[in-house]
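Beneath this line is the structure, given in structure tokens, with notes to follow.
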Amino acid sequence: MAYPQMVMYDEEFKQINAVIEKLLREANAKVIFLVDKNGQLISGVGETERFDTTSLASLTAGNIAATGGLAKLIGEKEFSILFHEGEKDNLHISIVGGRVILVVLFDSRSSLGLVRLRVKKASDELTAVFDRLMTRAEEKERSGIQDFPFAEITDDDIDNLFS
């Protein structure tokens, strides 16, 4: 399914951050990342400075793509939740609204059950935010409005700027 070009507005970005910050607290997680399926980091909260967020985002998207291939091989549409257990830290990876990837890193201060419970609630809230963004993008696409930051700049404006 092809989605129209989505533009993230400050209002929605703040809503998204509020949801994942609440999830960070309620799940007792160390860090949470929200990544698009192309591997671009949308947002991160918690101990994000410990990580190469660009690599984490692209590897997460690759992980989802690879497991999507496995799912198709066995007749599934996708695996919407992935869990990786390490010696000290664990990763819970889930697809939110079919559009973005929610990555929760947690340790022994939390449990998989608690993380899954809190992720379910946060996923519903995030899906609602992304649904509103998609509705806005679809309306703009139908009306022919281009919502790019520099769409109103003309060649004459650029020439005047540099002359």
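The values are calculated or read from the model by the stated rules, or taken from the named source; none is laboratory data. Remember, it's a predicted structure, so these values are computed and weren't measured experimentally. Note that each Cβ is placed from the backbone with ideal geometry, even for glycine, and that neighbours are counted across all protein chains shown. For the accessible areas, the whole protein counts, side chains as well, though only heavy atoms, and no ligand, DNA or RNA atoms are used. Shrake-Rupley method; radii C 1.70, N 1.55, O 1.52, S 1.80 Å.
Given the residues R136, R142, which is the only one that is under 24 Å from the mean Cα position of the chain (by Cα), open to solvent by 50 Å² or more (accessible area, probe 1.4 Å) and of a type in the set (K, R)? Walk me through it before giving the result.
On the way: R142 fails: under 24 Å from the mean Cα position of the chain (by Cα).
Sole residue among the options that is under 24 Å from the mean Cα position of the chain (by Cα), open to solvent by 50 Å² or more (accessible area, probe 1.4 Å) and of a type in the set (K, R): R136.
Tell me which of these E49 doesn't satisfy, since it passes every other one: (1) touching a strand residue (DSSP E or B) at 6+ places or on another chain (Cβ under 9 Å); (2) open to solvent by 30 Å² or more (accessible area, probe 1.4 Å); (3) in a helix (DSSP H, G or I).
If we test E49 against (1) touching a strand residue (DSSP E or B) at 6+ places or on another chain (Cβ under 9 Å); (2) open to solvent by 30 Å² or more (accessible area, probe 1.4 Å); (3) in a helix (DSSP H, G or I), just (1) comes out false.
Which of the residues belonging to region 13-39 are small (G, A, S) and open to solvent by less than 40 Å² (accessible area, probe 1.4 Å)?
In the first step, residues of region 13-39 are kept if they are small (G, A, S); the result is 18, 27, 29, 39.
Listed by number, the residues that qualify are A27, A29, G39.
I'm trying to understand the selection: among the residues of region 92-111, which are within 30 Å of R132 (Cα to Cα) and over 15 Å from the mean Cα position of the chain (by Cα)?
Of all residues in region 92-111, those within 30 Å of R132 (Cα to Cα) come to 92-106.
The answer is F106, and nothing else.
Testing I42 on (1) surrounded by fewer than 11 Cβ atoms within 10 Å (Cβ to Cβ); (2) under 11 Å from the mean Cα position of the chain (by Cα); (3) not small (G, A, S), one condition comes back false. Which one is that?
Of (1) surrounded by fewer than 11 Cβ atoms within 10 Å (Cβ to Cβ); (2) under 11 Å from the mean Cα position of the chain (by Cα); (3) not small (G, A, S), only one is false for I42: (1).
Looking at (1) part of a loop (DSSP other than H, G, I, E, B); (2) more than 23 Å from G39 (Cα to Cα); (3) of a type outside the set (D, E, K, R), which is the one condition that is false for G98?
(2)
Just give me the residues in region 48-77 being under 21 Å from E125 (Cβ atoms) and in contact with a helix residue (DSSP H, G or I) (Cβ under 7 Å, 6 or more places away or on another chain), in sequence order.
Answer for region 48-77, where residues must be under 21 Å from E125 (Cβ atoms) and in contact with a helix residue (DSSP H, G or I) (Cβ under 7 Å, 6 or more places away or on another chain): there is none.
Collect the residues in region 64-92 that are open to solvent by 40 Å² or more (accessible area, probe 1.4 Å) and assigned to a helix (DSSP H, G or I), keeping them in residue-number order.
Once the filter is applied, which keeps residues that are open to solvent by 40 Å² or more (accessible area, probe 1.4 Å) and assigned to a helix (DSSP H, G or I), region 64-92 yields A65, A66, L70, K72, L73.
So which of L34, L56 is within 26 Å of D107 (Cβ to Cβ), in contact with a strand residue (DSSP E or B) (Cβ under 7 Å, 6 or more places away or on another chain), in contact (Cβ under 8 Å) with a residue 40 or more places away in the chain and part of a helix (DSSP H, G or I)? Full working, then the answer.
On the way: L34 fails: part of a helix (DSSP H, G or I).
Result of the check over L34, L56: L56.
Within region 104-111, can one find any residue that is under 15 Å from K37 (Cβ atoms), surrounded by 14 or more Cβ atoms within 10 Å (Cβ to Cβ) and polar (S, T, N, Q)? Let's see the steps before the verdict.
Step one: of region 104-111, the residues under 15 Å from K37 (Cβ atoms) are none.
Within region 104-111, not a single residue is under 15 Å from K37 (Cβ atoms), surrounded by 14 or more Cβ atoms within 10 Å (Cβ to Cβ) and polar (S, T, N, Q).
Checking the structure you have, find out if any residue of region 127-146 is modelled with pLDDT of 85 or more and among the small types (G, A, S).
Looking through region 127-146, at least one residue is modelled with pLDDT of 85 or more and among the small types (G, A, S).
Determine which single condition A61 fails, assuming it passes every other condition in (1) open to solvent by less than 40 Å² (accessible area, probe 1.4 Å); (2) modelled with pLDDT of 95 or more.
Of everything listed in (1) open to solvent by less than 40 Å² (accessible area, probe 1.4 Å); (2) modelled with pLDDT of 95 or more, A61 misses just condition (2).
Is one or more of the residues making up region 114-128 without any contact (Cβ under 8 Å) to a residue 40 or more places away in the chain and in contact with an Asp or Glu (Cβ under 7 Å, 6 or more places away or on another chain)?
Within region 114-128, none of the residues are without any contact (Cβ under 8 Å) to a residue 40 or more places away in the chain and in contact with an Asp or Glu (Cβ under 7 Å, 6 or more places away or on another chain).
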